[in-house]
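K.L.:
Here it is, the structure, as structure tokens.
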Number of protein chains: 2
Amino acid sequence: MTSSIIKINPELDLVLEREIDVPVELVWKAWTTPEHLRHWFAPKPWSITSCDIDLRPGGAINFVMRSPDGQEFPNTQCYLEVTPFERLILTDALQGGYRPSAAPFFTAVLELGKNGAGTRYKAIAIHGNAENRTKHEQMGFQDGWGTVLTQMVEYIKAGRMGS
Amino acid sequence: MTSSIIKINPELDLVLEREIDVPVELVWKAWTTPEHLRHWFAPKPWSITSCDIDLRPGGAINFVMRSPDGQEFPNTQCYLEVTPFERLILTDALQGGYRPSAAPFFTAVLELGKNGAGTRYKAIAIHGNAENRTKHEQMGFQDGWGTVLTQMVEYIKAGRMGS
């Protein structure tokens, strides 16, 4: 891995780490391809109803999450670092083209490493203050991010992405 | 120049363009070196009392502006793109390490081009909404950014940076 600019502060940040038994190339593809991401990125019975990705620093990911009762929640984030198979950084503090957003909440850092035939998977949520860290924790960060990671592994193992 | 992710929206953004008769290499150095930046970056009689720079995507610039009556205003921004002699992008929506900030206001884009022995200079302020654009305009964007640019050209011509 390249050295990272990311410094985790336990009072402000949340971390999910897991070793998973699917290849790092497919994990990267699942995270960065709209037609794959929509199958696992929302914890069921929530769903992703649309997704587009401009995968480069300054490019946006736009997606809509749909609740079980049909409410839709549009979401826009901006990619900051795109290092294939190693690190993906995106933030809701910016929109596409680095335009400041209305309600900054967190920066997401995905760090991946090859682990035999599997992957070391680390997801970090970086917040600007302790209140937002607590709010994110209470929204169910560990359960939510853990659940969608399990969904991603199942989706990859179902073989619908190729290998 | 490399192609840019930046899309200017005249309803949200402000632009200052000028041709200046100092070399692009020195303009880049003036913008990215603390001991030079502090001599021109604040419109006199305001001053910069401290400045440190971690010049890489995700790195921070921290500086303190001092008003003529001695009030100090600390400022932190995060570099997003660092392409020497071509483009520098930084934002106050993030702090160092891509941590969301408390009060996002704008992203600054500096675009430079060689123009004979001089430089095509373009500074863009990108805002998240029309209110912040108006506020920035009323704070004196054109005068302020124009004044410090003139100060920068004079500083470079005074030969204190080398050539």
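The values are calculated or read from the model by the stated rules, or taken from the named source; none is laboratory data. Bear in mind the structure is a predicted one, so any value in this text is a computation, not a measurement. Reconstructed Cβ throughout: ideal geometry from the backbone, glycine too, with neighbour counts over all protein chains shown. We work out accessible area using only protein heavy atoms, side chains counted, and drop any ligands, DNA or RNA first. Shrake-Rupley method; radii C 1.70, N 1.55, O 1.52, S 1.80 Å.
K.L.:
Which residues, counting only those in segment B:7-27, are open to solvent by less than 20 Å² (accessible area, probe 1.4 Å) and either within 14 Å of another protein chain (Cβ to nearest Cβ) or not in a strand (DSSP E or B) (or both)?
P.N.:
B:ASP13, B:LEU14, B:VAL22, B:VAL24, B:LEU26, B:VAL27
K.L.:
Could you go through segment B:135-149 and let me know if any residue there is over 30 Å from A:VAL82 (Cα atoms), hydroxyl-bearing (Ser, Thr, Tyr) and not in a loop (DSSP other than H, G, I, E, B).
P.N.:
Checked segment B:135-149: at least one residue is over 30 Å from A:VAL82 (Cα atoms), hydroxyl-bearing (Ser, Thr, Tyr) and not in a loop (DSSP other than H, G, I, E, B).
Conditions (1) within 29 Å of B:GLY113 (Cβ to Cβ); (2) not in a loop (DSSP other than H, G, I, E, B), marked per residue:
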site	(1), (2)
B:LYS44	yes, no
B:ILE48	yes, yes
B:CYS51	yes, yes
B:ARG56	yes, no
B:ILE61	yes, yes
B:VAL64	no, yes
B:GLY70	no, no
B:LEU80	yes, yes
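Residues are listed down the side, and each one gets a yes or a no for (1) within 22 Å of A:ILE89 (Cα to Cα); (2) in contact (Cβ under 8 Å) with a residue 12 or more places away in the chain; (3) more than 14 Å from chain A (Cβ to nearest Cβ); (4) of a type in the set (Lys, Arg):
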{"position": "B:ARG38", "(1), (2), (3), (4)": "no, yes, yes, yes"}
{"position": "B:TRP46", "(1), (2), (3), (4)": "no, yes, yes, no"}
{"position": "B:SER50", "(1), (2), (3), (4)": "no, yes, yes, no"}
{"position": "B:ILE61", "(1), (2), (3), (4)": "yes, yes, no, no"}
{"position": "B:ARG66", "(1), (2), (3), (4)": "no, yes, yes, yes"}
{"position": "B:PHE73", "(1), (2), (3), (4)": "no, no, yes, no"}
{"position": "B:GLU81", "(1), (2), (3), (4)": "yes, yes, no, no"}
{"position": "B:PHE85", "(1), (2), (3), (4)": "no, yes, yes, no"}
{"position": "B:ASP92", "(1), (2), (3), (4)": "yes, yes, no, no"}
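K.L.:
Residues of segment A:144-155 being open to solvent by less than 40 Å² (accessible area, probe 1.4 Å) and touching a strand residue (DSSP E or B) at 6+ places or on another chain (Cβ under 9 Å), which ones?
P.N.:
A:GLY146, A:LEU149, A:MET152, A:VAL153
K.L.:
Oh, and also: Whether any residue in segment B:96-116 is touching a residue at least 12 places away in the same chain (Cβ under 8 Å), outside any strand (DSSP E or B) and open to solvent by 40 Å² or more (accessible area, probe 1.4 Å) is what I want to check.
P.N.:
Looking through segment B:96-116, none of the residues is touching a residue at least 12 places away in the same chain (Cβ under 8 Å), outside any strand (DSSP E or B) and open to solvent by 40 Å² or more (accessible area, probe 1.4 Å).
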